[in-house]
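What follows is one structure encoded as structure tokens, with my remarks underneath.
The values are calculated or read from the model by the stated rules, or taken from the named source; none is laboratory data. Values in this document were obtained by computation on a predicted structure and should not be read as measured data. Positions of Cβ are backbone-derived with ideal geometry, glycine not excepted, and every protein chain shown enters the neighbour counts.
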Amino acid sequence: MSGPAYDNNNIFAKVLRGEIPCNKVYEDEHTLAFEDIHPQAPVHTLVIPKGKYVSMRDFAAKGSDAELAAFVRAIGKVAAIKEVEDQGFRIIANTGVDGGQEVPHLHVHLFGGRRIGRMIAQN
């Protein structure tokens, strides 16, 4: 099972190419972090790898050690930049239809700035 193919026209690919502007929070050789345009919390920042990865599964299987390390470190750096590392934050990476993924490029939502609440709503 290989999963969906990468779509070069997804919105995050366009952000990475500079075709769509973003409010950049952090950038390094392998990652980009920017503010979500529809924030769900006082702090709502997206962290994405610069490589063409559809999901966490895809990234874990194909990403280089340098990319994987940079991505994890970028999350920590963004939490520090946004000053939520001490009081707490949540990271979410939605994957696939059932996981609620809307953009087919791996991205982590970093939420903070207030108590976030339950992880999953009860049905």
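Tell me yes or no: at least one residue of the stretch 41-53 is among the charged types (D, E, K, R) and loosely packed, with under 15 Cβ neighbours inside 10 Å.
No, because not a single residue in the stretch 41-53 is among the charged types (D, E, K, R) and loosely packed, with under 15 Cβ neighbours inside 10 Å.
Going by the structure shown, is residue 59 under 11 Å from the mean Cα position of the chain (by Cα), aromatic (Phe, Trp, Tyr) and outside any strand (DSSP E or B)?
Judged against the criteria, residue 59 is not a match.
Restricting attention to the stretch 94-111, report how many residues are among the hydrophobic types (A, V, I, L, M, F, W, C) and part of a loop (DSSP other than H, G, I, E, B).
Residues in the stretch 94-111 being among the hydrophobic types (A, V, I, L, M, F, W, C) and part of a loop (DSSP other than H, G, I, E, B): 3 in total.
Which residues, counting only those in the stretch 52-79, are among the basic types (Lys, Arg), within 17 Å of residue 91 (Cβ to Cβ) and at pLDDT 95 or above? Show your work before the answer.
Step one: of the stretch 52-79, the residues among the basic types (Lys, Arg) are 52, 57, 62, 73, 77.
Filter again for within 17 Å of residue 91 (Cβ to Cβ), leaving 57, 73, 77.
73, 77 - these are the residues of the stretch 52-79 that are among the basic types (Lys, Arg), within 17 Å of residue 91 (Cβ to Cβ) and at pLDDT 95 or above.
Given (1) touching a His at 6+ places or on another chain (Cβ under 7 Å); (2) part of a loop (DSSP other than H, G, I, E, B), identify the lone condition not met by residue 19.
The failed condition is (1).
Out of the stretch 33-51, which residues are out of contact with any Asp or Glu (no Cβ under 9 Å at 6 or more places or on another chain) and either over 24 Å from residue 87 (Cα atoms) or of a type outside the set (Gly, Ala, Ser) (or both)?
Correct list: 35, 36, 37, 38, 39, 40, 42, 47, 48.
Find all pairs meeting these conditions: Cβ atoms under 8 angstrom apart; at least six residues apart or on different chains; first residue within the stretch 8-31 and within 25 Å of residue 76 (Cβ to Cβ); second residue assigned to a strand (DSSP E or B) and charged (D, E, K, R).
Every condition considered, the pairs that remain are 22/35; 23/35; 25/35.
Can you name the residue in the stretch 1-46 that is more than 30 Å from residue 118 (Cβ to Cβ), of a type in the set (A, V, I, L, M, F, W, C) and more than 14 Å from the chain's Cα centre (by Cα) and is also modelled with the lowest pLDDT among such residues?
Ranking the qualifying residues of the stretch 1-46, first place goes to 1.
Could you pull out the residue among 19, 27, 67, 35 that is within 21 Å of residue 4 (Cα to Cα) and either surrounded by fewer than 14 Cβ atoms within 10 Å (Cβ to Cβ) or touching a Lys or Arg at 6+ places or on another chain (Cβ under 9 Å) (or both)?
It is 67.
Search the stretch 74-89 for residues that are in contact (Cβ under 8 Å) with a residue 12 or more places away in the chain and pair each with any residue that is among the aliphatic types (A, V, I, L, M) and in a helix (DSSP H, G or I) when their beta-carbon atoms are under 8 Å apart and the residues are at least 6 apart or on different chains.
89/79
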